[in-house]
1. Given an 8 Å cut-off on Cα distances and at least 6 residues of separation, report the relative contact order of the range 2-89 as a percent.
2. Under the rule of at least 5 residues apart or a separate chain, name every residue whose amide H is placed under 5 Å from the amide H of LEU40.
3. Could you pull out which residues in the range 32-69 have an amide N less than 11 Å from a spot 7 Å beyond the Cα of ILE12, following the Cα-Cβ vector?
4. Let me know the charge dipole size of the chain about its Cα centre in debye, to the nearest 20, where only the beta-carbon of Lys, Arg (+1) and Asp, Glu (-1) is charged.
5. Hey, any idea what the orientation-averaged projected area of the convex hull of the chain's Cα atoms comes to, in nm²?
6. Which residues' amide hydrogens lie under 5 Å from the amide hydrogen of GLY13, considering only partners 5 or more residues apart or on another chain, with H built in the peptide plane?
7. Could you give each residue of the range 26-39 its phi-based ³J(HN,Hα) in whole Hz, using Karplus coefficients 6.51, -1.76, 1.60 with θ = phi - 60°, and x for Gly or Pro?
8. Working out 0.36 nm times the residue gap between SER25 and THR55, then minus their Cα-Cα distance, what length gain in nm do you get to one decimal?
Amino acid sequence: MLFTIACTRDIIGYQIDVQVKAEGSETISSVTTTYEDSDLATDFLAPSEVQYQRTFTQVGGYTPGVSRTVKVSAVNDSGQERTASKRWQD
C-alpha cells in the first residue's frame, strides 16, 4: 500500500489529508486515522476498494514547540495491516 499524509495549518488547528492506494491485486477493507493517539475515524470499505481518500479539517490546536503525530492504518482484503505516520513540530 502507498500512503500519502499531508498536514497544513487550518483556521483552527490543522487540515489533514489522507490517501491510501492499494498495490497490485490487493484491495483496502478498512482505514483508521489517529491524531495524537485519538481516533479521527475508522472507515470500513464494503466492498473493498483500491483507493481511499479523506480530509479532516480543524483538527487539534497549534502550540509552538509541541510535537505532533498522525497515524494511518489500513487493512487489506487478506487481513494484513499496514501503518504509516507523519510527525512534525509546531
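1. 32
2. THR33, THR34, TYR35
3. 58-61
4. 300
5. Mean projected area for the chain: 5.4 nm², to one decimal.
6. Here TYR62 satisfy the definition.
7. 6, 10, 9, 9, 7, 9, 10, 10, 10, 10, 6, 6, 10, 5
8. My answer for the length gained is 8.2 nm.
Read the figures in this text as sums done on the coordinates, not as results from a lab. Keep in mind it's a predicted model, so treat the numbers as computed, not measured. Positions of Cβ are generated from backbone atoms using ideal geometry, with glycine treated the same way; all protein chains shown enter the neighbour counts.
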